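All remarks here apply to the structure that follows.
Here, each number is a calculation from the coordinates, and none is a lab measurement. As the structure is a computational prediction, the values presented were derived from the model and not from experiment. Cβ atoms come from the backbone with ideal geometry, glycine included; neighbour counts cover every protein chain shown.
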Amino acid sequence: MSTSPPKNSFHKRLEHLAGKKWFWALFVFIAFSWPLVRAFMTEPLPDVPVLGTVSDFNLTDHRGTPFTSKKLKGQVWIAHAMCTECPSENEKMQGYMEDVQHRARNLGGALRLFSITIDPEKDNAEVLEEYVSKHPISLGRWKFLTGSKDEVQDLALTLFNSQDLADLPSEIQGPILPPDRMWTLVIVDQKMRIRGFHDMRNENALGKLLFHTGLVVNRHR
């Protein structure tokens, strides 16, 4: 009758560890984290270039409260152009912004969201407040902004990479921006610098936007 060889101290320690829940939790963490660690060690994270600067502005939010750019310094924010009477573009962009709100929730107060009307003469605070009431919006992180046409136009032409439209007659521009410029989500960093124009009609645009936003937030915390 054969007998099993005696276990050495290493095997005994291994069996002891195998019976611990924390050991397996640590094992799983290392197994899944190593590919990411190796990627960071071998491939540097991409740079997010500075593409412009946002000037100071004074607008009004959907509650009728004055909102100035001074409240945003030190924070990262994402903005898009909206119009309550532009149903086709606005409905899709609203959906993208709701996705950003949900998928970037782990960033907490480090990220703010803004919807800026490009038709301020119609989209006053009362109209925007009614619009907000019909959508799943986190009011602590996401605001809808309006103001005078001149103030909104100055901001929109910079934010949505539309400086080339500044000298066009208003009847050609439409309500400040033409529809094809309404597909852009823009990232602005803590120093009011534009760090990305993301056209949501492009494949994987939302994923790239979220990735770059995370880089901008975490590199300057």
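Would you tally the net charge around Ser148, using a Cβ to Cβ cut-off of less than 11 Å, leaving Ser148 out, and scoring K and R as +1, D and E as -1? Net charge in that neighbourhood comes out at -3. Of the cross-linked pairs Lys122/Lys149; Lys71/Lys149; Lys73/Lys149; Lys92/Lys134, those separated by over 19 Å at the C-alpha level are Lys71/Lys149; Lys73/Lys149. Computed from backbone phi, the HN-Hα couplings of segment 199-216 come to 7, 5, 7, 7, 5, 6, 5, 5, x, 5, 4, 5, 5, 5, 4, x, 5, 5 Hz, rounded to whole numbers (Karplus: 6.51 cos²θ - 1.76 cosθ + 1.60, θ = phi - 60°; Gly and Pro given as x). Across segment 131-156, the residues whose backbone nitrogen lies under 14 Å from the label position 7 Å along the beta-carbon direction of Asn124 are 146-149. Our coupling estimate for segment 69-80, obtained by passing each phi through the Karplus curve with A = 6.51, B = -1.76, C = 1.60 and θ = phi - 60°, is 5, 4, 6, 9, 5, x, 10, 8, 9, 10, 10, 8 Hz, Gly and Pro reported as x. Let a ≥ b ≥ c be the square roots of the eigenvalues of the Cα gyration tensor of segment 52-219; is it rounded (a/c under 1.5), or, if not, prolate (a/b larger than b/c) or oblate? Rounded shape, in that the Cα axes give a/c under 1.5.
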